[in-house]
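Participant: I am attaching a structure below and will ask some questions about it afterwards.
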Amino acid sequence: MGKLFFTLYALIAIAVASFVIGQVTLVDPVLQGPLERYYNELSIGSLTLLDDSLDKNQERWPEQLRQLKKAFGYPLNMRDIDTLALSTERLQRLRNGETLYAKIDNADHLYRRVQGSDMAWEIVLSETQSEHYQRLTSGTFYLLEQFLLRQPKSTWPDVLARLNVQFTFPIVLQPMEGMHLTPTQRGRLSEGLVLSTDAATSAERHHHRMAGTDDVLTIGPFNEPIFLTRFSFILLFIFAILMALAVLGWVRPLWRGLAQLRSTAEAFGRGDFTARTHIAPRAALGQLAQTFNAMAERIQQLISSHKEYARFDRATPALTLERQELAAWLNETVNRIWTGERQITLHLHAAPTANAPCAYFEPKLMARAVGNILQNAQRYAAQRIEVSTDISASTCRIIIDDDGPGIPLVDRARIFDPFTRLDTSRNRDSGGYGLGLAIAQRIATWHGGEIAVEDSPLGGARFVISWPSHCAQ
């Protein structure tokens, strides 16, 4: 599950990184021209008033600049054009009177040549459009007021008409009494503060009372930068597509894996017990697929074991007993079926001897019984297993000892029941379905014998297979 979410987070991170890289490498160059035109149209009137406010004597400019900085809403500077970090082509455009926009140190800068000089106005713009309008009006109101106060009041309407040609937003002078304002708004204007109305709409306006008069200057509404609004929607759309592709890239292989798992499960349910999924282990559903395949494998083994036990769960068949020298046969059989797993030492005490007593049994079936018990001992032994024989004129015995945890007395009878697994330390969840000992007991019964469980001298369990030797035959 952690791998699934890690993949999703990685795809989302790639989508976000792609969006950011694309914005830096593509968006900023694309917006360079439109932003310059937008800021030029929005600020050309204020910049013209800045030029008009300067004295012809350039020695007075530093003092005037200090006064302008107090009234202007933006950080305002006057820079030598040759010191600006702009390309040669852009510096030439600046000298030709164009307004330039540049992003420097993650801040928007606006440059315009001071008329008749080698200096340039530098305005550091705020980050949001609303703040931009508010700060722009603060400096513009100051410049308009100073410009109008230098003119006879009777000429103000004509002066404003000429100024409206230079500005891209309306400038209106009206008496305060004719405005629909609340007492709070009137108080703000009376204190000489800037009042903003309809700030939440595209009809945002800003108002400022002329000093020493009851007339109010109103600026706005401002022309919305439609290209920026549309471009923002385009960027959001692109980002949404990238996120959708990231999620799709995560969901699609997941969906295909789930479809394959469902198809395999349906085939398994129809009786095709060989059906397995073929999902790569490193895939998102790789671990789930491996778990499913392991479960299917165990179910198939269980069904096979059940079918196999069914062959033994019947009346005693007609056995073909063969005469064997038990020690020699056991030595060969154990060496053939011993797997040597878990670094367990096997000690076989069944060396052939001269004139050994005879034994009669069905070799294949008896080998199966010995193998099942030996496999059981191998699962639970700590370090040692011993196999030995004991044969007399009437009885043959094969003894298998281990040094494992042993089997409690109360469980020794039921361990031979089919599908029985002990809930003790002897059950190490080591596989099997509880049929091996049941089959071994059935084989011993067919030979007229039995399998007994005792305490082993090694400290674990001792299994004793005993049956009549049939030496009289």
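Participant: Any residue in the stretch 79-87 that is exposed (fewer than 14 other Cβ atoms within 10 Å of the Cβ) and either part of a helix (DSSP H, G or I) or assigned by TED's automatic domain parsing to the domain that holds E145 (or both)?
Facilitator: Yes: one or more hits.
Participant: If you don't mind, another one. Hey, any hits in the stretch 205-225 for a residue that's of a type in the set (S, T, N, Q) and modelled with pLDDT under 85?
Facilitator: yes
Participant: Go over the candidates R282, R314, R323 one by one and state the one that is over 30 Å from R368 (Cα atoms) and either at pLDDT 75 or above or not in a helix (DSSP H, G or I) (or both).
Facilitator: Being over 30 Å from R368 (Cα atoms) and either at pLDDT 75 or above or not in a helix (DSSP H, G or I) (or both) holds for just one of R282, R314, R323, which is R282.
Participant: More than 21 Å from S53 (Cβ to Cβ) and at pLDDT 75 or above: does that describe Q92?
Facilitator: For Q92, the condition - more than 21 Å from S53 (Cβ to Cβ) and at pLDDT 75 or above - is met.
Participant: Residue check: is L47 modelled with pLDDT of 70 or more, among the hydrophobic types (A, V, I, L, M, F, W, C) and touching a strand residue (DSSP E or B) at 6+ places or on another chain (Cβ under 8 Å)?
Facilitator: yes
Participant: Looking at this structure, is A259 at pLDDT 85 or above, exposed (fewer than 11 other Cβ atoms within 10 Å of the Cβ) and outside the structural domain of W156 (by TED's automatic domain parsing)?
Facilitator: yes
The values are calculated or read from the model by the stated rules, or taken from the named source; none is laboratory data. What you see is a predicted model, and the numbers here were worked out from it, not measured in a lab. Note that we place each Cβ from the backbone using ideal geometry, even for glycine, and neighbour counts take in every protein chain shown.
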